[in-house]
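What follows is a short report on a single structure.
The values are calculated or read from the model by the stated rules, or taken from the named source; none is laboratory data. Remember, it's a predicted structure, so these values are computed and weren't measured experimentally. Ideal geometry is used to build each Cβ from the backbone, glycine not excepted, and the neighbour counts take in all protein chains shown.
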Amino acid sequence: MKLFIDTSVLLAAAGSAKGASRYVFQHAETHGWQLLSSSYCVEEADRNAPKLGPKARPYWRASLLPRLTLVPIELAFDKVLVFPKAKDRPVLLSALGAEADVLLTLDEADFQKVIGSQVYGLQVRSPGQFLIDQREAGRL
């Protein structure tokens, strides 16, 4: 299963050892989850990780970044897509372009409230929601 990881999840995983975002990273290989992101998200996470404390950026770079497969930043899509947040459009389009199964984000207001829980087959979930879905499906 391909999971596209948004900046908010990258930062949450870097800043908290006990959250669902960190769990996804720590258990991705065991569950066969391929962690995808784009340089757009990676650069934003790298820039903001120091705000989370002195341990966040080193952990981000040494432990989380190597687990990601970077996909191209997509700026265009061949289907109708109304999404008003210009700064988040490359995230959504890159996830769709990479044919991810799930976009993991903590930006509920920017994504889920605007586009809902799915767009063109791409599920949009928080890490916690994703893990609940996996448990309910008997995969955890």
Legend entry - Among the residues listed as LYS18, LYS2, the single one being modelled with pLDDT under 95, out of contact with any Cys (no Cβ under 6 Å at 6 or more places or on another chain) and within 16 Å of LEU131 (Cα to Cα): LYS18
Legend entry - Filtered residue count, region 47-70, keeping only those that are hydrophobic (A, V, I, L, M, F, W, C), in a helix (DSSP H, G or I) and free of Cβ contacts under 8 Å to residues at least 40 places away in the same chain: 3
Legend entry - VAL24 vs. criteria surrounded by fewer than 22 Cβ atoms within 10 Å (Cβ to Cβ), of a type in the set (A, V, I, L, M, F, W, C) and under 15 Å from THR69 (Cα atoms): no
Legend entry - Pair list, Cβ < 6 Å and 6+ apart or interchain, from region 13-29 residues that are among the charged types (D, E, K, R) to residues that are surrounded by 17 or more Cβ atoms within 10 Å (Cβ to Cβ): ARG22/ALA13
Inset, instruction - Mind listing just one residue for me: the one in region 92-140 that is assigned to a loop (DSSP other than H, G, I, E, B) and aromatic (Phe, Trp, Tyr) and, of those, modelled with the highest pLDDT? - result: TYR120
Legend entry - THR30 vs. criteria of a type in the set (Ser, Thr, Tyr) and closer than 26 Å to ALA137 by Cα: yes
Legend entry - Lone qualifier among GLU29, GLU44 - being in a helix (DSSP H, G or I), modelled with pLDDT under 95 and either out of contact with any Pro (no Cβ under 7 Å at 6 or more places or on another chain) or crowded, with 20+ Cβ neighbours inside 10 Å (or both): GLU44
Inset, instruction - Could you check how many residues of region 121-140 are among the basic types (Lys, Arg) and surrounded by fewer than 17 Cβ atoms within 10 Å (Cβ to Cβ)? - result: 2
